[in-house]
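Below is one structure, written out as structure tokens, with a few remarks after it.
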Amino acid sequence: MADDTALPPADDQRVVDLRRALEERYLSYALSTITQRALPDARDGLKPVHRRIIHAMRLLKLDPNQGYKKSARIVGDVIGKFHPHGDQSIYDALVRLAQDFALRYPLVDGQGNFGNIDGDNAAAMRYTESRMTDVATRLLEGITENAIDFKPTYDGEDEEPVVLPSNFPNLLANGSTGIAVGMATSIPPHNLVELCNAALKLIYNPSATTEELVHQDLASPLSQDDLVRGPDFPTGGQLVETRSAIVNAYETGRGSFRLRAIWSKEDKGRGVYLIVVTQIPYGVQKSKLVEKIAELLLAKKLPLLKDVRDESSDDIRLVLEPRAGTVDANILMEQLFRTTDLEIKFPLNLNVLDKGKLPRVMGLADALKAWLDHRKIVLQRRTQHRLEQIAARLEVLEGYIIAYLNLDEVIRIIREEDEVKPMLMSTFNLTDNQAEAILNMRLRSLRKLEEIELREEHKSLTEEKGRLEALLASDKRQWGEIAKQVEALKKAYPVFTAEGVLHPLGARRSLFGSMSDASHAEVTEAFIEREPITVVLSEKGWIRALKGHTSDFDEKGFKAGDRLKLALKAETTDKLLMLTTGGKVYTMGGDKLPGGRGQGEPVRIIVDIEEGQDIVDIFVYRPGSKRIIASASGYGFIVAEDEMIANTRKGKQILNVTTPDEARLLVPLAGDRVAIIGQNRKLLVFPLAQLAEMARGKGVRLQKYKDGDVSDIKTFYAADGLTWTDSSGRTYTKPMEELTEWAGDRATAGRQPPNGFPKNNRFVG
């Protein structure tokens, strides 16, 4: 039966199920994208284009000790033989393999302009030259020894490797990124020495957990015996992740790593300093980073920063000049980390092709095991290939030895017989290969020394054959051999050179650090330009912020029938706390208030004040300060201003009140005595120690009333006495010795105030 989805001839008209045809074609496209373009093979860590580039360079004999060839020659061979796609895409892949800021261990040794960390493009392929690095040759090691399978190329005229032998954990060492259909991969690069140590641990203990593969102390000094600390990016940077977060990411194969630029302070004397950035996060283009910082600077979104300069040459040097020498460098950098790519989160999505076929998200242990299992197969195949070579050579050597033992007869047969080869085979019981080898032997080989050498070679090969057969027969010996290879690889890229200095390629580049001590509030405040303002609140709840500190309020600034309720001096960096009659406290930022032009905006637009509640007071939040909060019925307690900060528009309930009672007062605490007066004009003074400090509640009774509510509260020090101001502005002070008749315990009624106390029952008339 014909396939309905196949394209019919031009003159054939058939009904095709469009949905089925689209599904099959899209599935075919998706599978092709996943396996042939986006996801790397877990065994060699390469995508097809990279594998084909390295294979083509091998065929061109571009070994590290050979001369360079034009990149255009390599690209041409890759297109013509293996990868029938655009030349620019292939050249871009080749360029990335040569960039030491893109690959932790470059696979291509480039000569010429291969781009830079600023994002500048490489020169055209006709100008640049390339050859393989030592790492690339390790990926190819054993490819001619039947270590891997080959498959036909796209045109069937040649063959290409299905996977490389990969005597190098390239998947994790160099990482990979890609976007397929319905899935993606993102693997950061890692340090080779750490990967080798983790692989050795898995060889000796296959059941080792991710917890055991990750280094215990991430910030400890570097060592040749380190386990995996985390990613190791070619551009360095500082990782600020906890060990538990790293272990969890490696366990699941999904997560992210927070990476920051490395910076230091450069003291210029007289209290002036500069911040110098010497390493930037992986994948960030330096030119775009500087451009972004400059844009934020011009937009006045970095009030602590004065200037940014790029003084880089071969090494990165970004100079950040603070607004003043008093600026906290940690807060400035935290501000930049939040707003620019001086800090990034590099995702981990270890989605790879398991055995080159099945997409699967692996953990760290699974990825290392996939590489080790591949190395075991490569070892077995190379060993078997060598055994076949030894068997063929031993066959020939045995024929040579028979010829030497019967040299005269061999010479006679060659000289006199017409059918020499069959005669040799029948006379001495030789195989076809042995007879052919004897006939092809040179006359100079007939000397006595050659016979001795042949016997020595035969003995040596026989011993080697025994060792190889024992190796193939023992799983333990195979893992032992792989462990030796991993140890040799580890020694090739040590952490330290023979002189004891950090190895330029082997030493870890990304180090570990901790988050800054700067608080969230300090960093948030640093985003705001610090300017004086005067906050104006009207009786009807309209609020605005006038620039500067002023006491002159124009009546035109209020709506008809409205007037000033209160005004306070503050700064744009201040937080304002507002108490309502319902006992809730709301938080507003000084920089978020409407400007002084016009009549402002209703407070209810800024925060969600409940229906029927009114504003009692607004004041500037001072960290560490405390206040006394009181209800109209005379209940209250001490509350810290830190406890009153509300993180949402709905505010924070502090004083619990039940209608018809309401919150009435929120006075600053500065003293060891409390003076309270009620509407019944009774004054009471009692020790502050009798009041409890709470975060929320109804509180305790402050003063007892038969009728009326509380009027005012004030705290003072007994040594200073009680002070009040009348309506004329005159100030009175009563020492504690003269307040004996008003002194008592909390919750008592009190007595009539002294002569001269304001008629409005307020301590400030």
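The sole residue among I275, I293, I316, I246 that is buried (at least 19 other Cβ atoms within 10 Å of the Cβ), outside the structural domain of E531 (by TED's automatic domain parsing) and in a loop (DSSP other than H, G, I, E, B) is I316. In the stretch 15-67, the residue that is surrounded by the most Cβ atoms within 10 Å (Cβ to Cβ) out of those that are closer than 22 Å to I90 by Cα and free of Cβ contacts under 8 Å to residues at least 24 places away in the same chain is L60. Within the stretch 353-382, the set of residues being assigned to a helix (DSSP H, G or I), surrounded by fewer than 18 Cβ atoms within 10 Å (Cβ to Cβ), in contact (Cβ under 8 Å) with a residue 40 or more places away in the chain and not charged (D, E, K, R) comprises Q380 only. Looking across the stretch 410-443 at every residue that is without any contact (Cβ under 8 Å) to a residue 12 or more places away in the chain and of a type in the set (S, T, N, Q), the one that is nearest to Y400 (Cα to Cα) is identified as N440. Does I331 satisfy being among the aliphatic types (A, V, I, L, M), under 16 Å from T235 (Cα atoms) and modelled with pLDDT under 95? Criteria not met by I331. Of the strands (runs of 3 or more DSSP E) entirely within the stretch 693-765, those holding at least 3 residues that are β-branched (V, I, T) occupy 710-716. Taken over the stretch 86-135, the criterion of being hydroxyl-bearing (S, T, Y) and surrounded by 15 or more Cβ atoms within 10 Å (Cβ to Cβ) is satisfied by Y91, Y105, T128, S130, T133.
Could you pull out the residue among R96, R138 that is among the basic types (K, R), free of Cβ contacts under 8 Å to residues at least 40 places away in the same chain, assigned to a helix (DSSP H, G or I) and within 30 Å of S223 (Cα to Cα)?
Values: R138 fails: free of Cβ contacts under 8 Å to residues at least 40 places away in the same chain.
Every option except R96 fails the conditions.
For R309, are the conditions met, namely being surrounded by fewer than 19 Cβ atoms within 10 Å (Cβ to Cβ), over 17 Å from G237 (Cα atoms) and of a type outside the set (S, T, Y)?
Working: surrounded by fewer than 19 Cβ atoms within 10 Å (Cβ to Cβ): yes; over 17 Å from G237 (Cα atoms): yes; of a type outside the set (S, T, Y): yes.
Yes; evaluated as a whole, the condition is true for this residue.
Report yes if some residue within the stretch 65-78 is under 33 Å from the mean Cα position of the chain (by Cα) and among the polar types (S, T, N, Q); otherwise report no. Please lay out each step first, then the result.
We begin by selecting, within the stretch 65-78, every residue under 33 Å from the mean Cα position of the chain (by Cα); these are none.
Scanning the stretch 65-78 turns up no residue that is under 33 Å from the mean Cα position of the chain (by Cα) and among the polar types (S, T, N, Q).
Restricting attention to the stretch 354-406 and to residues that are over 54 Å from the mean Cα position of the chain (by Cα) and of a type outside the set (A, V, I, L, M, F, W, C), the residue that is farthest from L472 (Cα to Cα) turns out to be N406. Out of G636, G582, one residue alone is in a strand (DSSP E or B) and in contact with a Leu (Cβ under 9 Å, 6 or more places away or on another chain). It is G636. Screening D661 with (1) assigned to a loop (DSSP other than H, G, I, E, B); (2) touching a residue at least 60 places away in the same chain (Cβ under 8 Å); (3) under 23 Å from K704 (Cβ atoms) gives one miss only, at (2).
Take R751 and decide whether it is closer than 30 Å to Q653 by Cβ and either at pLDDT 90 or above or not hydroxyl-bearing (S, T, Y) (or both). So R751 does not fit the description; no.
Take the residues of the stretch 168-196 that are surrounded by 21 or more Cβ atoms within 10 Å (Cβ to Cβ) and of a type in the set (S, T, N, Q): which is farthest from Q36 (Cα to Cα)? Lay out the reasoning, then the answer.
Here is the first cut: in the stretch 168-196, the residues surrounded by 21 or more Cβ atoms within 10 Å (Cβ to Cβ) are 168-176, 185, 187-196.
So of that shortlist, the ones also of a type in the set (S, T, N, Q) come out as 170, 174, 176, 185, 191.
On the way: N170: 18, N174: 19, S176: 14, T185: 14, N191: 27 Å.
Selected residue: N191.
Against the test of being assigned to a helix (DSSP H, G or I), under 30 Å from N191 (Cβ atoms) and of a type in the set (G, A, S), the options A56, A72, A147 yield a single qualifying residue, A56.
Of everything in the stretch 583-614 that's charged (D, E, K, R) and surrounded by fewer than 16 Cβ atoms within 10 Å (Cβ to Cβ), which residue is nearest to R627 (Cα to Cα)? Outline the logic, then answer.
Of the stretch 583-614, the ones charged (D, E, K, R) are 584, 591-592, 597, 601, 604, 608, 610-611, 614.
This time we only want the ones that are surrounded by fewer than 16 Cβ atoms within 10 Å (Cβ to Cβ), so: 592, 597, 601, 604, 608, 610-611, 614.
Working: K592: 25, R597: 33, E601: 28, R604: 25, D608: 23, E610: 23, E611: 26, D614: 20 Å.
Looking at residues that are charged (D, E, K, R) and surrounded by fewer than 16 Cβ atoms within 10 Å (Cβ to Cβ), I get D614.
Screening K265, K288, K300 for residues that are in a loop (DSSP other than H, G, I, E, B), over 30 Å from L195 (Cα atoms) and in contact (Cβ under 8 Å) with a residue 60 or more places away in the chain leaves exactly one candidate, K300. L655 meets the conditions (1) modelled with pLDDT under 90; (2) within 46 Å of the chain's Cα centre (by Cα) in every case but one. The failed one is (1).
The values are calculated or read from the model by the stated rules, or taken from the named source; none is laboratory data. These numbers were taken from a predicted model, which means no experiment stands behind them. When we count neighbours, we look across all protein chains shown, and the Cβ atoms used for this are built from the backbone with ideal geometry, even at glycine.
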